[in-house]
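Read through the structure below, which is laid out as structure tokens, and then see the notes.
The values are calculated or read from the model by the stated rules, or taken from the named source; none is laboratory data. If you're wondering where the values come from, they're calculated on a predicted model, not measured in any experiment. Note that we place each Cβ from the backbone using ideal geometry, even for glycine, and neighbour counts take in every protein chain shown.
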Amino acid sequence: MTAQRSVLITGGSRGIGRAIAERFVAAGDKVASLDRTGNVPEGVLSVRGDVTDTASVDAAFAAAEAAHGPVEVLVANAGMTRDQLLIRMTDEDFDQVIDVNLTGVFRCVRRATTPMLRMKRGRIVLISSVVGLYGGQGQVNYAASKAALVGIARSLTREVGSRGITANVVAPGFINTDMTAALPEERQAAYRAAIPAGRFAEPDEVASVVEFLASAGAGYISGAVVPVDGGLGMGH
Ligand code: NDP
């Protein structure tokens, strides 16, 4: 790993992704955020785009490379929910969540991998969710998209693991962001009661784990699913 790495984070404009971007900036890395609004933290290069569009993802990587050099650390964090009970879930509810949370990650890792292979080093961190393996009521679309990231990370590990590249999954539980603020108060209370830690976490508590997985010290960890969930998903 080089000292000042080129880092690309999807969704660095808000919530968990923003906290991750701030951590890498604080560590002295050169950080770019691929998001739609461009409202990024100080010191972060905004490479605006949409993960549902391949050309836009490719252009964002090209902009990050031009400014910072080949991307050595990719954090695929951008995600969304569109909760609905299965019997009422439309094709569009399903497809949109898959397009952002799963195909969006595919587009990013595919674009990131060739330059990493050339450099013979790289760190890929995919932000999944406890819901991927635990399940969630009204979240067939979201849980499917998040569980699939384990398959991506593990297949990637088998494909490129011998080339100095690691691919891991971080599975957060409930984190205080816009996404959880949108949940009805009674559902938030029910989730809180089920979490052994008895609280939701702050975005930086996920960011610190991502920072570690991207570090030189985590070079022998690949294909892992690392929970950051206060114990909620234990055993899953
Ligand atoms: P937020 O809703 O707070 O932020 C989502 C981020 O993703 C924003 O920066 C947004 O940027 C970006 N984004 C969304 N859609 C797109 C898109 N199509 N193209 C590019 N960027 C996009 O989410 P959180 O911070 O809460 O969640 C971040 C990740 O963590 C998600 O993958 C989520 O599923 C996961 N997660 C969150 C948990 C939580 O409790 N909050 C728990 C478990 C997992 P902009 O709108 O500017 O484009």
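Just to verify a result, which residue in the stretch 160-184, among those that are without any contact (Cβ under 8 Å) to a residue 24 or more places away in the chain and in a helix (DSSP H, G or I), is farthest from Val97 (Cα to Cα)? Per the stated criteria, the residue is Ser162. So in the stretch 1-10, with the set limited to residues that are β-branched (Val, Ile, Thr) and assigned to a strand (DSSP E or B), which one is farthest from Thr180 (Cα to Cα)? Across the stretch 1-10, the extreme among qualifying residues is Val7.
Picking from residues in the stretch 154-189 that are among the aliphatic types (A, V, I, L, M) and away from the ligand (no atom under 14 Å from the Cβ), the one that is nearest to Gly122 (Cα to Cα) is Ile165. In the stretch 139-146 there is no residue that is in contact with a helix residue (DSSP H, G or I) (Cβ under 6 Å, 6 or more places away or on another chain), in a loop (DSSP other than H, G, I, E, B), surrounded by fewer than 16 Cβ atoms within 10 Å (Cβ to Cβ) and at pLDDT 95 or above.
Filtering the stretch 216-232 to residues that are closer than 14 Å to Ile124 by Cα and not in a strand (DSSP E or B) leaves Ala216, Ala218, Gly219, Tyr220, Ile221, Ser222, Gly223, Ala224. Of everything in the stretch 20-42, what is of a type in the set (A, V, I, L, M) and surrounded by fewer than 24 Cβ atoms within 10 Å (Cβ to Cβ)? Give them in sequence order. The answer is Val25, Ala26, Ala27. Inside the stretch 132-150, residues that are over 16 Å from Ala224 (Cα atoms) and within 12 Å of the ligand (Cβ to nearest atom) make up a count of 7.
Of the residues making up the stretch 30-51, at least one is over 22 Å from Ser208 (Cα atoms) and in contact (Cβ under 8 Å) with a residue 40 or more places away in the chain. Check whether at least one residue in the stretch 187-197 is buried (at least 16 other Cβ atoms within 10 Å of the Cβ), more than 13 Å from the chain's Cα centre (by Cα) and at pLDDT 95 or above, and report yes or no. Within the stretch 187-197, one or more residues are buried (at least 16 other Cβ atoms within 10 Å of the Cβ), more than 13 Å from the chain's Cα centre (by Cα) and at pLDDT 95 or above.
Residue check: Arg88 meets all listed conditions (1) basic (Lys, Arg); (2) surrounded by fewer than 15 Cβ atoms within 10 Å (Cβ to Cβ); (3) under 17 Å from the mean Cα position of the chain (by Cα) but one, namely (3).
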